[in-house]
Amino acid sequence: MINLLKKLLFFNFVCFFSLPLFAFSSSSFLISQSAFKNHDYPSTLFNFNANKDEFTNDDLLDRVIAAVIIEDLYLANKIATKILLEDSTSQEAYIVTLVYSILNKKFQKIEEINNNIKEKNKFIDFIFFNSDKLKSSQSISKAFIDIVISSFSNSDERSLNYNFLLFYTSLAKIIDNQNDRAILIKGELFQYVKQNETAKKIFEIINSDSPYYLEAQKSLAINYSNFYEFDEALQNIKLLLKNNNNHYSIKKILADFYRINKKYKSAIEVYNEMIKLKEDEIWNMYYRRGICYERLGDWKNAEKDFIKSLDIKSDSPNVLNYLAYGWIEREIRLDQSLAMLKQAYQANPDSYYIIDSLAWAHYKKNNLDEAARLMEKVIDIAPGEAISLDHLGDIYYAMDRKREAFHFWKQALQLAEPEDEIEEEVQSKIENLNAG
């Protein structure tokens, strides 16, 4: 996904706060994994009454975060005040109270909070104060976004706490509602958690005179392509393209949308237009058009496009892999293919697609031990890949490990998808093995 979060760099200030950023109250940093499972924040607050006493502070904290994310700061402050009566170390509660006080010009309250916590919490001091002076709303908003970006940049996506990211992004928007960067990132975060309707509404907030407008339009197009039925998505992406003067980046989303949905001829037509424009990514357009030709069974044109792509960018691991694998399947240029795949593997050693191709090249060269080692690695990384299971079966069969070959062919048959186009061939291998 092309989006702002992926482009922004990790901020140096995080090193200064390299102790757990939220050590001030560890329970308030790591929200329980089950909380907000579906990121449906309005439902989290449905029938909620902050005056009732049956909620634990953890329950209340969840609802503070939900209230901030739906931008009900009055409710969030009410809950935060209740939390602070029981837990004077709750970082998020203090932050909500500070934002509420700033927007409502409660300067005595701000001074009181600053005096109470500034020696204990450098993180809050970083967000709100500069040499004991309150920062501007714009500077506070920027600090919130810096925190979100640094967290996103420095973490595995699977370990990210999107409730936390949305909380701080929402605070950035609340304290400065002109911060379009915060609005864009909030939409992208909702996109990540598959709340596509909410994401769509947020992207549409950004006006055409904003420097973030095009990014928002691209994110809208991606939103349509990922989460809507084909016809509705296509109609909306085309409308976005028209409204943005056939902008290259949105045209690319349209072409990719066709390709991903196996409308290869339509994708080729759009890639043709893009190649004529000769933008910086022309090597990538040749590569993607080549994939479409290959999927249509037109290897001659696919091969030409892959070679053109490599003429422009010779070190692309994906293009090296695709072209080399095509040659291997046709049992031509095996030595060149093996060399290309070694180069691709060196550039991207974690891609199981590339490891599979490299293993298959060794198999075709009769380097069976190395082929088996590499293909076993693929199965460890992606145990459900039917084509790789089939390949490992072939390698074991060539090594006279027929029982293991049978096992992996059976697995491949069970897991194969129609687009894998291997079921008939694998079934034939199993039958021949049984007959033998």
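The values are calculated or read from the model by the stated rules, or taken from the named source; none is laboratory data. Remember, it's a predicted structure, so these values are computed and weren't measured experimentally. Counting neighbours? That spans all protein chains shown, and the Cβs are built from the backbone with ideal geometry, glycine included.
Counting just the residues of the range 286-310 that are part of a helix (DSSP H, G or I) and free of Cβ contacts under 8 Å to residues at least 12 places away in the same chain, which one comes out farthest from ARG259 (Cα to Cα)?
LYS300
Which residue, of LEU296, LEU310, LEU320, is within 30 Å of the chain's Cα centre (by Cα), surrounded by 22 or more Cβ atoms within 10 Å (Cβ to Cβ) and modelled with pLDDT of 95 or more?
Working: LEU296 fails: surrounded by 22 or more Cβ atoms within 10 Å (Cβ to Cβ); LEU310 fails: surrounded by 22 or more Cβ atoms within 10 Å (Cβ to Cβ).
It is LEU320.
May I ask you to list the residues in the range 413-436 that are touching a helix residue (DSSP H, G or I) at 6+ places or on another chain (Cβ under 7 Å) and assigned to a helix (DSSP H, G or I)?
LEU413, LEU415, ASP420, GLU423, VAL426, GLN427, LYS429, ILE430, LEU433
Residue-by-condition table, conditions (1) assigned to a helix (DSSP H, G or I); (2) among the acidic types (Asp, Glu); (3) touching a Pro at 6+ places or on another chain (Cβ under 6 Å); (4) under 22 Å from VAL319 (Cβ atoms):
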site	(1), (2), (3), (4)
GLU232	yes, yes, no, no
LEU239	yes, no, no, no
LYS242	yes, no, no, no
ILE253	yes, no, no, yes
TYR271	yes, no, no, yes
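Here are ASN246, ASN261, ASN284, ASN272: which of them is of a type in the set (S, T, N, Q), buried (at least 17 other Cβ atoms within 10 Å of the Cβ) and out of contact with any strand residue (DSSP E or B) (no Cβ under 9 Å at 6 or more places or on another chain)?
None of the other options fit; the residue is ASN284.
All but one of (1) touching a residue at least 40 places away in the same chain (Cβ under 8 Å); (2) crowded, with 17+ Cβ neighbours inside 10 Å; (3) within 32 Å of the chain's Cα centre (by Cα) hold for GLU71, so report the exception by its number.
(2)
Looking only at residues in the range 210-221 that are part of a helix (DSSP H, G or I) and touching a helix residue (DSSP H, G or I) at 6+ places or on another chain (Cβ under 6 Å), which one is surrounded by the most Cβ atoms within 10 Å (Cβ to Cβ)?
First, the residues of the range 210-221 that are part of a helix (DSSP H, G or I): 213-221.
Narrowing further to those that are touching a helix residue (DSSP H, G or I) at 6+ places or on another chain (Cβ under 6 Å): 215-221.
Values: GLU215: 23, ALA216: 23, GLN217: 22, LYS218: 22, SER219: 26, LEU220: 24, ALA221: 29.
The residue in question is ALA221.
Residue under question is ASN367, and the condition is that it be surrounded by 18 or more Cβ atoms within 10 Å (Cβ to Cβ) and among the polar types (S, T, N, Q); does it hold?
Judged against the criteria, ASN367 is not a match.
Considering the range 89-109 alone, what residues qualify as being part of a helix (DSSP H, G or I), modelled with pLDDT of 90 or more and loosely packed, with under 15 Cβ neighbours inside 10 Å?
LEU103
Looking at the range 395-410, which of the residues that are farther than 16 Å from LEU374 by Cα and in contact (Cβ under 8 Å) with a residue 24 or more places away in the chain is surrounded by the most Cβ atoms within 10 Å (Cβ to Cβ)?
Taking the candidates together, the pick is TRP409.
For residues in the range 328-380 being under 33 Å from the mean Cα position of the chain (by Cα) and β-branched (Val, Ile, Thr), which is nearest to GLN411 (Cα to Cα)?
The extreme case among them is ILE379.
Considering only the range 354-363, I want to know if a residue exists there that is charged (D, E, K, R) and surrounded by fewer than 20 Cβ atoms within 10 Å (Cβ to Cβ).
So far as the range 354-363 goes, no, none of its residues is charged (D, E, K, R) and surrounded by fewer than 20 Cβ atoms within 10 Å (Cβ to Cβ).
Report, by residue number, each residue of the range 226-260 that is within 15 Å of LEU214 (Cα to Cα) and without any contact (Cβ under 8 Å) to a residue 12 or more places away in the chain.
Selection gives LEU239, LYS242, ASN245, ASN246.
Looking at the range 174-203 only, could you name the residues that are more than 18 Å from the chain's Cα centre (by Cα), within 18 Å of ILE95 (Cβ to Cβ) and assigned to a helix (DSSP H, G or I)?
Result: ILE174, ILE175.
Looking only at the range 77-88, which residues are surrounded by 15 or more Cβ atoms within 10 Å (Cβ to Cβ) and either of a type in the set (D, E, K, R) or touching a Lys or Arg at 6+ places or on another chain (Cβ under 7 Å) (or both)?
Matches in the range 77-88: LYS78, ILE79, LYS82, ASP87.
Assuming SER155 fulfils every condition listed in (1) of a type in the set (Gly, Ala, Ser); (2) assigned to a helix (DSSP H, G or I); (3) modelled with pLDDT under 90 apart from one, which condition is it?
Unmet for SER155, out of (1) of a type in the set (Gly, Ala, Ser); (2) assigned to a helix (DSSP H, G or I); (3) modelled with pLDDT under 90: (2).
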